[in-house]
Structures are given as structure tokens and as C-alpha cells.
Amino acid sequence: ICGASSGIGEELAYQLAGHGAKLVLVARNQDKLDAVKEGVMKLGATDVQTISFDFADVKGSSGVINQTVAWFGKLDYLVSNHAAMINGAFLGVPYLQEAAFIERIFRVNVLSQIELAVHALPHIEASKGHMFFTSSTAGEFPFYQMSIYCSSKHAMNGFFYSLQQELMARESPVSLTVGAFGFIVTKDISNLLDDRLLEAPEWASGDVKECARGMIESYVTRPLTMTYPRLAGYLNRFMWYFLPSYHNILIEAVKPPGSEGRCDEVRCN
């Protein structure tokens, strides 16, 4: 599980522990990983290893797969859940426009994910396993003040939906699910967004525990896409394509009165 030290990845690790899974937890912060490992072991995981790694190092991402196989001899499931979330007005924050900054976000959100898939695929084919890549509804339509994040998720969707087609065409035993996740309240998200957005109605926001349960179910049902929260995801897709004023609705929902925009970064891992 990549991005396992907090949020969805952390909760997923706890729930998989109840099934007696052997887990490798990957994130940047070793102290947080150690705390999650302790909780996972108490819940019944039979073997838990940790890797402290920053996925901005794209080439080094393959080492996560290699180390996992060295420990366990095989790889059944890959959950690529790490992400760098950027929230800020592109035209209002100068460093958001710098190529080096944009490239760093794409290394984490896109290129490292591809690198993981390339190196995991032979092992998961051998075990007839499953890959889950956590994307976002921000990869299907735009959100105000999230241009870089949205563009990275659009790129991620373009690659992994195309990869799904290649796996299907070659009748590969590997299945791949793209997680189209919307607004899910985690500690990282709470620190990033203002109170107005955190007061979303129940149907429009998701629960971390329920999301993790859905991910585990996808290991069995193996859907092409897991949309969560489901109603909000389907409704947003419909409005984006069929409601011309949806641009304005998104802007008004997010834009603080009189603001020129701000930028915050949360690396959710």
C-alpha cells in the first residue's frame, strides 16, 4: 500500500489486517509508518514491513516493488494511493507557474504511478492479482483553484484507462481498478480546505472507513472504476457534460469572497 501513513491508505491497512494480510506499508514519514504498523499488527496482520520513500524519486519507485518481492517472494495486490494535492489559484500564485514545481507534482501523481505499474505487472501476472490506482473525480472534470492537481489526475486517468484496454486485449489475468474518488474527509484534507467546504452535505462527502471497504471489495469484484462517493460522482459527471453553467457553480462553491487565491500543498501519504 503506497500512501499508507494516513487517510485512506492507513484505514485500508487496518481493514486488511483483519483478513490476516501480509502488508508492505509505504510513505515518506517513517515515524507515522511505525505507528500504523503497530496498529496493523494488533489487528491481526501476519507480517508487516515498512518502506520510507518519497515518490518524487520516480526511478527509485521500482525499488518499492523489488523490496516487497524480496521479502514475500510474490506480490498479489498493489494499491497506489499516494498523491500530492495542490490547492491554489494558478494565476494568483507565481510559483505554481514554475515548470520545476509542476514537474515535481507530476512525478508524484503520474510518473511514479506508471513506474510502479511497469515493475509490478510481471509479479501480479504471475499471481493473477489486482492493481488499484487511486485517482479522483478531479481527473474527469475541473475544480476551481486545482488546475495542477486536476491536470495530473487527468493524465493519470488517460494512462491507466488505456492500460486497462491493453490488459483486456491481451487477456491478461491482471485486473486494474481506477478509484474515482470525490470529497472524502481525512485529516490531511481538513487541514487543506476551509470550513465552508468541510460542511458539505452527507450525500456529497465520503467516509474513510466506507471507502476502504469498497477498495477491498474491488479486489473481488474487480471493476474498471470505483466511484466514491457514488451519488456525488455520478451527479458531478452529469452536470459537467450537460449543464452549461456548471463552471460558475464550481467557482461559487469554492471561491472565498474577495480572494485572489491561495496555495497549499498536502502530500497525502
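The values are calculated or read from the model by the stated rules, or taken from the named source; none is laboratory data. Keep in mind that what you see is a predicted model, and the values were worked out from it rather than measured. Glycine also receives a Cβ, built like all others from the backbone with ideal geometry; neighbour counts cover every protein chain displayed. Heads up: the accessible areas ignore ligands, DNA and RNA and are worked out on the full protein's heavy atoms, side chains in. Shrake-Rupley method; radii C 1.70, N 1.55, O 1.52, S 1.80 Å.
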So the number of lysine pairs in the chain with alpha-carbon atoms under 17 angstrom apart, 8 or more residues apart or on different chains, is 8
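Could you work out what % of the accessible surface of the range 128-257 is carbon and sulfur, using a 1.4 angstrom probe and leaving DNA, RNA and ligands out of the count? List each step's numbers first, then the result.
Working: 3960 of 6710 Å².
On the range 128-257, the fraction of accessible area on carbon and sulfur atoms equals 59 percent.
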Measure off 7 Å from each Cα along the Cα-to-Cβ vector at residue 100 and residue 62, then give the distance between these two points in nanometres to one decimal. 2.7 nm
Which value, in Å², gives the accessible area per residue of the range 13-160 when a 1.4 Å probe is used on the protein heavy atoms? 41 Å²
Scaled by the rule-of-thumb 2.2 N^0.38 Å, the alpha carbon Rg for the chain gives a ratio of 0.99
Go ahead and set up a Gaussian network model of the chain, Cα springs under 10 Å, then flag whichever of 146, 156, 85 fluctuates most. 146
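Grab the DSSP H runs of the chain that are 4 residues or longer, score each as -39,500 (n - 2.57), total them, divide by all residues and round the 222 nm result to the nearest 500 deg cm²/dmol.
Rounded to the nearest 500, it is -15000 deg cm²/dmol.
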Karplus ³J(HN,Hα) for the range 225-239 (6.51 cos²θ - 1.76 cosθ + 1.60, θ = phi - 60°; Hz, whole; x = Gly/Pro) runs 9, 10, 9, 8, x, 5, 4, 4, x, 5, 5, 5, 4, 4, 5
